[in-house]
Amino acid sequence: MIYDDASHDLSSKKEELQAVFDLAANGISILDRQGRFLYANRFFQKMMGYTMEELRRESCISLSSKEYAEPSRLAVEKAIREGSIENFRKVCITKSGVPINASMSLSYLKTRDEIVMITSDITQDVLYQEELKRRVDEEVKKRTEQYKIMCHQSRLAAMGEMIDSIAHQWRQPLNSLGIIVQGIRHLAKQPQFDPSLLVDIEDEIMEKVNFMSQTIDDFSTFFRISKEKEHFDVLKSISDAIRLMDAQLKHHRIKVDLAAPEGMDTTAYGYPNEFRQVALNLIHNALNAITARNVPQGNITIRIEPLGDGVNVTIADNGGGIKEADMERIFDPYFTTREGGSGIGLYMSKIIIEHHMQGRLDVSNEKEGAAFRIMLHKESV
């Protein structure tokens with residue numbers, strides 16, 4: 001009688017275990033050492049489209065896609081050797097030929113010499129991840145294209161400003177050349193014309209022509225993109241930018257005060273041409289702020305100072321500053337406080353300094369106007 005009770009309890013436990021297996025929300029199967037199916041719950045049968053009788057003629061290897069057949073065989077061997085494998089991912093093929101993405105965990109039961117395999121259908125998760133990746137790639141591509149357009153727009157805007165600067169730089173020597181030519185015509189009519197005067201006139205003409213030629217060289221160099229980071233002289237780069245705007249600054253009677261502590265090492269690490277563009281843009285913005293408010297004695301102060309293991313550059317003006325309401329948006333793309341402005345210059349300056357050169361660019365209002373601060377590193381970071 002005791003034996004009958006034990007048999008009844010064992011049978012009852014088996015039924016309970018069978019019910020748990022069949023109600024599970026994952027595929028549960030038992031394999032032999034070759035990966036052949038000894039048992040599979042209803043969830044697994046339905047997922048793969050096979051009956052239990054059909055599965056007994058298959059294995060976890062034969063149900064794998066071609067590229068995963070060998071990895072599946074190795075996974076079975078590894079589970080037997082090491083005791084378990086978790087989250088082994090592969091592609092299975094259902095009876096109807098539909099591929100599904102599956103995640104499997106295998107555990108070897110040494111006492112029974114069998115493998116318990118739990119299978120989850122992660123096809124929807126994989127499709128979601130692929131769709132998410134596709135959307136991210138599209139967004140990255142869109143942003144990359146937008147960034148390229150903004151770079152192009154920024155360079156076009158800068159070129160427009162440069163052409164204006166060239167016009168200012170050339171106006172005086174062209175006027176001088178016109179006067180010299182008229183003078184030669186007048187001298188040629190004189191009865192006692194001294195040909196030796198032509199030597200002095202030639203020297204003066206060549207001086208003007210060389211100046212104009214140097215201006216073109218300066219501007220062409222300015223627009224070359226630095227391909228690699230290098231050590232460059234911050235003081236020289238800012239001096240170059242000032243020289244390019246010298247005629248405009250003088251025309252508006254704006255004084256530029258550039259200074260660095262005596263003996264200071266003013267080298268930094270980054271892209272020198274791009275830094276010159278930033279310096280030129282900030283100086284040009286200062287000039288516009290001063291002229292827009294008709295400041296009688298315009299002044300731009302540029303200070304280069306050591307800052308820990310880097311260099312700090314402050315470009316300040318007396319143009320009245322930036323409205324507090326605009327301060328948070330001043331570096332946003334296409335935001336401008338100037339009529340006819342592109343709204344790209346400060347945005348691109350921010351990108352160049354902070355993203356390309358790992359520095360920092362910020363702005364604040366001081367007593368008489370705005371002050372832009374550029375922080376650069378001396379070495380690669």
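The values are calculated or read from the model by the stated rules, or taken from the named source; none is laboratory data. Just so it is clear, the structure is predicted and the values come from calculations on it, not from any experiment. We place every Cβ from the backbone using ideal geometry, glycine too, and count neighbours over all the protein chains shown.
Matching residues to (1) modelled with pLDDT of 75 or more; (2) basic (Lys, Arg):
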site	(1), (2)
GLN182	no, no
LYS189	no, yes
SER213	no, no
ILE216	no, no
LYS236	yes, yes
MET245	yes, no
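Please specify each residue of region 55-71 satisfying the condition of being among the basic types (Lys, Arg) and either surrounded by 13 or more Cβ atoms within 10 Å (Cβ to Cβ) or not assigned by TED's automatic domain parsing to the domain that holds ALA102 (or both). So that I can check it myself, show each step before the final result.
Here is the first cut: in region 55-71, the residues among the basic types (Lys, Arg) are 56-57, 66.
Answer for region 55-71, where residues must be among the basic types (Lys, Arg) and either surrounded by 13 or more Cβ atoms within 10 Å (Cβ to Cβ) or not assigned by TED's automatic domain parsing to the domain that holds ALA102 (or both): just ARG56.
Do we have PHE37 as modelled with pLDDT of 90 or more, among the aromatic types (Phe, Trp, Tyr) and surrounded by 11 or more Cβ atoms within 10 Å (Cβ to Cβ) here? Yes.
None of ASN87, ASN101 is loosely packed, with under 11 Cβ neighbours inside 10 Å and among the polar types (S, T, N, Q) except ASN87.
Suppose the filter is more than 26 Å from the chain's Cα centre (by Cα) and either under 19 Å from ALA260 (Cβ atoms) or surrounded by 20 or more Cβ atoms within 10 Å (Cβ to Cβ) (or both); does ALA325 pass it? It would help to see each step written out before you state the result.
On the way: more than 26 Å from the chain's Cα centre (by Cα): yes; either under 19 Å from ALA260 (Cβ atoms) or surrounded by 20 or more Cβ atoms within 10 Å (Cβ to Cβ) (or both): no.
No: the conditions fail for ALA325.
Here TYR347 passes the criteria (1) more than 16 Å from SER237 (Cα to Cα); (2) touching a strand residue (DSSP E or B) at 6+ places or on another chain (Cβ under 6 Å) except the one numbered (2).
Looking across region 245-271, the residues that are surrounded by 18 or more Cβ atoms within 10 Å (Cβ to Cβ) and more than 19 Å from ASP317 (Cβ to Cβ) come down to THR266, ALA268, TYR269, GLY270, TYR271.
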